[in-house]
Each structure stands twice: as structure tokens, then as C-alpha cells.
């Protein structure tokens with residue numbers, strides 16, 4: 001079976017400094033106060049899932065747990081709410097990483113919607129168990145806005161790895 005998405009670009013190996021930088025930027029974007037606006041994407045979930053799919057041997061559930069605890073502390077959320085959700089997201093992304101890479105970035109975004117919805121469901125269940133009220137159905141808009149950013153994030157996060165199109169005889173790659 002041939003892959004549905006073909007690229008003529010050869011990707012260079014990813015640098016872990018860039019992965020760490022992108023996760024720090026995602027954390028910073030998540031820390032921006034949004035008030036009662038529920039459609040703000042979960043940038044940490046987006047970048048975490050992306051790197052779990054692209055680099056399953058380097059980014060995993062341990063990093064997801066640490067990021068989740070950091071988000072819980074800063075947001076003052078139920079302790080472990082984001083940590084549990086991000087660990088499940090990392091696990092699901094790791095399990096599906098080989099299959100997802102066969103699809104185009106747009107199709108990958110569609111495949112990520114249920115995973116981002118799972119993140120929202122886990123956080124909602126933990127909040128309800130802690131005694132909070134149901135926030136309303138607009139709470140689930142976040143999973144759709146996060147998935148909508150998969151395509152731009154795909155190209156933005158792979159940009160440092162892309163090899164030059166014009167081949168120079170003096171360069172090995």
C-alpha cells in the first residue's frame with residue numbers, strides 16, 4: 001500500500017533543543033489568561049501530541065506528566081487534571097504515531113480531533129468529581145480549535161528540519 005501523502009522533502013534529524021523550545025513556547029501561550037472564552041486552543045496539548053507523533057522515542061508520557069503538573073499549578077486547576085489528560089494524550093499519540101504519519105497533515109488533524117476531545121473529557125470528568133459545575137457545551141470547542149491548528153503547527157514545527165530544495169554538490173544533505 002502506498003502512502004497517501006508524499007513529500008519530496010528530506011527532513012533532517014530533530015534537535016531536542018528545538019523540541020524543548022517549542023514546548024516552552026506552548027506553555028507560555030497556555031498561560032495567557034483567556035477569561036471565560038472557551039475556544040482558546042490548548043497549545044501544550046497540540047505541541048505535545050505533535051512531538052509524540054513525530055518523535056515517539058524522545059517525547060512521551062513522562063514529559064506529558066511534567067507539563068500537565070505545570071499547567072495545573074499555574075492555572076490553579078484540580079491537581080492532576082491536566083497531567084492525567086496529557087498522559088493519556090501522549091499515550092494515544094504514541095500508539096497511533098506510525099499510522100498517523102501515513103496521512104497528509106490535514107487528515108492527521110481530523111484524526112487528532114477525537115484525541116483532543118478525550119483530553120477535554122478527562123479534564124471535565126476530573127473537575128466534576130472535584131465538585132465543580134458543568135461549564136456548558138462550549139467547553140468542547142477547544143478540541144476543534146486545537147485540531148484546526150494542527151496544519152499550521154505541522155509546517156511551523158517541521159520548518160527547522162527541512163532540507164534545502166536546491167541540491168548543492170558541496171553539501172552532503
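Each reported figure results from applying straightforward, stated rules to the coordinates on display, with no laboratory input. A quick note: this is a predicted structure, and the numbers were derived from the prediction, not measured. Neighbour counts are summed over all protein chains in view; Cβ atoms, including those assigned to glycine, are modelled from backbone coordinates with ideal geometry.
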Once R0 is set to 41 Å, what does the formula 1/(1 + (r/R0)^6) return for the Cβ-Cβ distance between residue 69 and residue 161, expressed as a FRET efficiency to the nearest 0.05? 0.90
Tell me, what are the semi-axes, in whole angstrom and largest first, of the equivalent ellipsoid of the stretch 39-130 as set by the roots of 5 times the Cα gyration tensor eigenvalues? 23, 14, 10
For the stretch 1-158, what's the relative contact order in percent, using C-alpha pairs closer than 8 Å and at least 6 residues apart? 28
In nm, the gap between the two label points placed 7 Å beyond Cα toward Cβ at residue 40 and residue 28 is 1.6
What is the fewest-to-most order of 137, 51, 102, 150 by other Cβ atoms lying within 10 Å of their Cβ? 137, 102, 150, 51
Here the relative contact order (percent) of the stretch 15-82, from C-alpha pairs under 8 Å and at least 6 apart, is 26
Kindly state, to the nearest 0.05, the FRET efficiency for residue 55 paired with residue 139, given R0 = 30 Å and r defined as their beta-carbon distance. 0.50
Taking the inverse of the average 1/r across all pairs of different Cα atoms in the chain, what Kirkwood radius in Å do you get? 17.0
For the stretch 26-73, build the convex hull from the C-alpha positions and give me its volume per residue in Å³. 71
Rounded to whole Å and sorted largest first, list the principal axis extents of the Cα atoms in the stretch 94-145. 42, 21, 8
